[in-house]
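Report on the following structure.
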Amino acid sequence: MTTTSEHPFSPQEIASEGIKPEEYTEIVRRLGRHPNKAELGMFGVMWSEHCCYKNSRPLLKQFPTTGPRILVGPGENAGVVDIGDGLQLAFKIESHNHPSAVEPFQGAATGVGGILRDIFTMGARPIALLNSLRFGDLNDPKTQRLFTGVVSGISHYGNCVGVPTVGGEVYFDPAYSGNPLVNVMALGLMETSEIVKSGASGFGNPVLYVGSTTGRDGMGGASFASAELTDESMDNRPAVQVGDPFVEKSLIEACLEAFKTGAVVAAQDMGAAGITCSTSEMAAKGGVGIDFDLDKIPVRESGMIPYEYLLSESQERMLFVAEKGREQELIDIFHRWGLQAVVAGTVIEEPIVRIWFEGKIAAEILADALAENTPLYERELLTEAPEYAQKAWQWTSDDLPVCNAAGIEIVGSLQSWNQILLTLLDTPSIASKSWVYRQYDHQVQNNTVLLPGGADAAVIRIRPLEAPQNPKSKIQNLKSGVAATVDCNSRYVYLDPYEGAKAVVAEAARNLSCVGAEPIAVTDNLNFGSPEKPIGYWQLASACRGLSEGCRELGTPVTGGNVSLYNETFDADGNPQPIYPTPVVGMVGLIPDLTKICGQGWQNAGDIIYLLGLSIQSRSPQPPLERGAIESNLERGAIESRMGLGASEYLATIHHTIAGKPPRIDFDLERCVQKACRHGIRAGWVNSAHDSAEGGVTVAIAESCLSGNLGAEISFPISANHDSRLDEVLFGEGGARILVSVSEENQEIWESYLQEHLPDKWQKLGTVANSGTLEILTADNHQLLQVSLKDMSDRYFQAISNRLAIYTNT
């Protein structure tokens with residue numbers, strides 16, 4: 001291997017690999033020499049934030065990661081939980097943000113492919129996909145191009161590979177105009193008797209390269225994902241991978257068949273950083289080394305050099321450690337599926353990654369230096385909230401125009417509550433996402449119980465394709481299922497990262513409870529700006545603290561996830577524009593009986609509508625609360641869990657104001673409300689359930705009307721001259737509130753249960769009606785709004801397609 005004592009790289013060359021000057025000095029110290037080009041590239045990708053979490057790892061340590069159902073926690077390709085009857089569920093969420101900003105179709109498509117490989121690498125058959133997407137203003141042609149490209153990429157890969165996309169969320173906000181977010185979550189059912197791990201072992205065992213060929217696509221994708229987006233980034237298309245879902249489908253079947261032979265000792269997906277990451281991580285986790293020959297690798301392009309082999313992120317590739325003597329057995333399986341399979345290396349005792357090319361050593365680095373003993377930055381945390389937050393917190397509802405039963409004056413014109421509701425339903429972030437999910441095959445595999453748009457969470461039947469090899473499995477007459485959701489209100493997190501992150505966890509659990517599922521575990525995707533800036537790190541650290549507390553409070557340990565930092569775009573003047581801090585929570589829950597679930601739409605005219613949680617009449621303006629104030633539990637429940645207009649969709653959409661404090665979560669009330677909802681569903685009393693989120697209880701009622709195609713007659717227990725603001729009553733947001741409907745025959749037993757288990761925290765609001773309208777009255781019979789289902793439907797279901805129609809016709 002050629003080395004030199006002279007400095008072989010310019011500062012610009014070092015920086016182009018994403019390596020800081022002090023990090024390069026550390027690399028030289030560890031090697032005892034300067035690295036060559038290939039080694040520099042290896043350190044660049046492995047020491048990127050995307051691979052080593054050098055800014056976030058200290059913060060992630062506070063997450064709860066153990067529990068009675070946790071079988072595999074953080075550190076492996078995916079988390080695995082025990083779902084009973086001897087069955088195990090693997091799940092994880094990953095991001096593909098920067099690639100999707102540059103090449104939306106392939107960026108999103110390969111994001112799907114990558115998360116699927118994380119699942120089946122564990123020995124699990126993928127059974128469902130969800131996604132969490134963020135874009136800029138949908139009226140912007142650039143946003144429309146990114147949005148349509150991403151949705152096409154997701155649908156193409158998921159539909160072709162045969163895994164249903166069963167749920168998700170899509171938000172639009174100018175904060176994401178230059179940097180969209182594409183987070184994809186996958187679930188899989190274990191098919192192997194043992195969970196397949198990634199740590200290499202067995203000196204002399206062969207290392208197999210399997211799957212597709214290697215090319216120059218995706219070069220340096222990990223480093224690309226760990227830097228801000230600039231105008232030059234748009235030219236960095238080689239850093240975006242190109243996927244083939246049909247090859248991936250064959251790879252799924254071949255891998256699962258190979259795992260069942262018992263000949264596979266360890267397996268690792270070649271995702272970010274490709275061969276570099278898979279060899280170094282497998283070696284480091286096993287405490288061994290890997291000797292690897294690039295000349296054995298099947299390629300799709302000629303003239304490739306070691307740097308290109310090692311940093312390529314060509315898709316649909318895996319690395320196996322096999323039992324010595326059984327490698328041909330595995331190779332034959334992959335050849336039968338039309339895939340590449342070669343012995344390219346060996347497990348060695350010396351804990352190094354040694355790369356050969358054309359008979360010479362091309363790179364030689366301690367595995368631990370690449371994968372475990374990586375840089376770590378514990379940054380200084382701001383002692384108080386930054387100026388933007390403190391200024392936003394000064395806002396109160398007193399800053400808004402006065403309102404009454406007739407409506408509110410906006411820019412000199414009286415807007416009725418009918419108009420306000422229709423405007424909110426026409427807001428793309430609230431409106432139906434049917435334009436999106438109709439492009440996804442959400443019923444392939446025939447296990448999707450509740451279709452997208454019909455419930456607060458996806459519900460999937462647990463039905464193994466074949467009898468699992470686990471002897472404890474019981475699949476006869478199995479009627480259990482799993483529910484899954486992805487959630488994040490990033491405006492909440494932007495205005496108060498700590499409280500907002502707690503609200504994210506609470507809403508995810510609430511959505512699961514609304515279909516009757518018991519929340520059990522979490523995977524998270526932390527999408528943030530630069531941690532090197534004080535505000536960015538304050539947002540990240542505060543949100544991690546909130547997520548940790550929320551997961552502990554609700555008993556949902558974190559099994560793993562993804563960190564995506566440097567989500568910033570430089571404008572034409574060179575000023576960085578970060579996204580809103582967006583810690584997406586993917587949560588899974590158990591459903592013991594699939595006959596006892598419900599969706600969000602009204603089911604029967606005459607059913608009685610209830611609001612669980614803080615009652616409407618007890619609302620009053622929320623007084624300011626010092627973060628360090630000492631409160632009793634009574635005060636906490638009375639002040640913090642009250643809903644308001646701070647950080648609300650109403651405030652942002654109608655008044656074009658991003659301000660106030662998001663509602664604080666009362667976890668005691670949250671647990672009680674969710675438990676009551678689940679019990680009512682499982683007892684067969686509750687016919688529909690829907691959480692009150694963006695747009696408040698009025699939007700929640702409207703969505704239940706639209707989903708069930710039935711009207712509602714609502715009476716709010718307030719007078720027309722209510723001492724609190726009527727817009728707070730109608731559109732204020734807060735946690736621990738669920739809207740349910742119950743048939744008249746179950747009214748007595750349901751109310752008796754509520755009085756015992758949720759005293760003073762529930763309210764009867766009205767009845768489901770065949771009237772074709774939503775009508776809301778005050779207690780003294782003043783009409784606040786009356787809107788037809790047709791008018792609501794036209795706004796709600798056409799909001800996205802109408803905007804895209806303008807785009808496609810120009």
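The values are calculated or read from the model by the stated rules, or taken from the named source; none is laboratory data. Bear in mind the structure is a predicted one, so any value in this text is a computation, not a measurement. Note that each Cβ is placed from the backbone with ideal geometry, even for glycine, and that neighbours are counted across all protein chains shown. Heavy atoms of the whole protein, side chains included, go into the accessibility calculation; ligands, DNA and RNA do not. Shrake-Rupley method; radii C 1.70, N 1.55, O 1.52, S 1.80 Å.
Does region 533-571 hold any residues that are free of Cβ contacts under 8 Å to residues at least 60 places away in the same chain, buried (at least 24 other Cβ atoms within 10 Å of the Cβ) and more than 30 Å from Leu71 (Cβ to Cβ), and which are they? Gln539 - this is the single residue of region 533-571 that is free of Cβ contacts under 8 Å to residues at least 60 places away in the same chain, buried (at least 24 other Cβ atoms within 10 Å of the Cβ) and more than 30 Å from Leu71 (Cβ to Cβ).
Set side by side, the residues Gly637, Gly680, Gly644 differ, and just one is in contact with a strand residue (DSSP E or B) (Cβ under 8 Å, 6 or more places away or on another chain), at pLDDT below 95, of a type in the set (Gly, Ala, Ser) and open to solvent by less than 30 Å² (accessible area, probe 1.4 Å), which is Gly644.
Could you tell me whether any residue of region 534-541 is touching a Ser or Thr at 6+ places or on another chain (Cβ under 8 Å) and in a helix (DSSP H, G or I)? Taking every residue of region 534-541 in turn, at least one turns out to be touching a Ser or Thr at 6+ places or on another chain (Cβ under 8 Å) and in a helix (DSSP H, G or I).
In region 374-389, what residues are among the charged types (D, E, K, R) and open to solvent by less than 80 Å² (accessible area, probe 1.4 Å)? Within region 374-389, just Arg379 meets the criteria. Residue-level analysis places Thr3 outside the set of residues that are at pLDDT 95 or above and either open to solvent by 30 Å² or more (accessible area, probe 1.4 Å) or in a loop (DSSP other than H, G, I, E, B) (or both). For region 367-400, which positions are touching a residue at least 40 places away in the same chain (Cβ under 8 Å), of a type in the set (Val, Ile, Thr) and more than 30 Å from Ser413 (Cβ to Cβ)? If the condition is that a residue be touching a residue at least 40 places away in the same chain (Cβ under 8 Å), of a type in the set (Val, Ile, Thr) and more than 30 Å from Ser413 (Cβ to Cβ), then Thr374 is the only one that fits. The strands (runs of 3 or more DSSP E) falling completely within region 390-497 that include 2 or more residues that are closer than 20 Å to Leu645 by Cβ and either at pLDDT 95 or above or open to solvent by 40 Å² or more (accessible area, probe 1.4 Å) (or both) map to 407-410, 413-415.
Pairing each residue of region 255-283 that is aromatic (Phe, Trp, Tyr) with any residue that is open to solvent by less than 20 Å² (accessible area, probe 1.4 Å), provided the two are 6+ apart or on different chains, yields C-beta distances under 7 Å for Phe259/Gly123; Phe259/Thr192; Phe259/Val196. If the condition is being farther than 16 Å from Val436 by Cβ and assigned to a loop (DSSP other than H, G, I, E, B), then region 164-179 contributes Asp173, Ser177, Gly178, Asn179. Glu301 fulfils the conditions (1) out of contact with any helix residue (DSSP H, G or I) (no Cβ under 8 Å at 6 or more places or on another chain); (2) open to solvent by 40 Å² or more (accessible area, probe 1.4 Å); (3) under 20 Å from Asn36 (Cβ atoms) except for a single criterion, (3).
Of the residues that make up region 355-373, is at least one open to solvent by 40 Å² or more (accessible area, probe 1.4 Å), under 28 Å from the mean Cα position of the chain (by Cα) and within 26 Å of Cys488 (Cα to Cα)? No; the residues of region 355-373 include none that is open to solvent by 40 Å² or more (accessible area, probe 1.4 Å), under 28 Å from the mean Cα position of the chain (by Cα) and within 26 Å of Cys488 (Cα to Cα). Residue count for region 182-206 satisfying the condition of being aliphatic (A, V, I, L, M), under 28 Å from Val343 (Cβ atoms) and out of contact with any helix residue (DSSP H, G or I) (no Cβ under 7 Å at 6 or more places or on another chain): 2.
The residues of region 240-265 that are under 29 Å from Pro99 (Cβ atoms) and not hydrophobic (A, V, I, L, M, F, W, C), listed by number, are Gln241, Gly243, Asp244, Pro245, Glu248, Lys249, Ser250, Glu253. Listed by position, the helices (runs of 4 or more DSSP H) contained in region 643-728 that have at least 2 residues being over 24 Å from Val787 (Cβ atoms) are 667-682.
Listed here are the residues, each with its yes/no results for (1) surrounded by 21 or more Cβ atoms within 10 Å (Cβ to Cβ); (2) modelled with pLDDT under 90; (3) more than 25 Å from Gly536 (Cα to Cα).
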position: Val166; (1), (2), (3): yes, no, yes
position: Pro174; (1), (2), (3): no, no, no
position: Gly218; (1), (2), (3): yes, yes, yes
position: Gly221; (1), (2), (3): yes, yes, no
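Within region 752-792, the set of residues being in a helix (DSSP H, G or I) and either surrounded by 16 or more Cβ atoms within 10 Å (Cβ to Cβ) or among the hydrophobic types (A, V, I, L, M, F, W, C) (or both) comprises Tyr753, Leu754, Leu789, Met792.
Hey, does region 184-191 have a residue that's modelled with pLDDT of 80 or more, outside any loop (DSSP other than H, G, I, E, B) and over 25 Å from the mean Cα position of the chain (by Cα)? No: region 184-191 contains no residue that is modelled with pLDDT of 80 or more, outside any loop (DSSP other than H, G, I, E, B) and over 25 Å from the mean Cα position of the chain (by Cα). How about region 683-733: which of its residues are in contact with a strand residue (DSSP E or B) (Cβ under 9 Å, 6 or more places away or on another chain), farther than 17 Å from Gly766 by Cα and either open to solvent by 10 Å² or more (accessible area, probe 1.4 Å) or of a type in the set (Asp, Glu) (or both)? Selection gives Ala693, Glu694, Ser707, Ala720, Asn721, His722, Arg725, Asp727, Glu728, Glu733. Tell me, please, whether a residue that is among the polar types (S, T, N, Q), assigned to a strand (DSSP E or B) and either touching a strand residue (DSSP E or B) at 6+ places or on another chain (Cβ under 7 Å) or modelled with pLDDT under 95 (or both) can be found in region 116-126. No, region 116-126 has no match at all.
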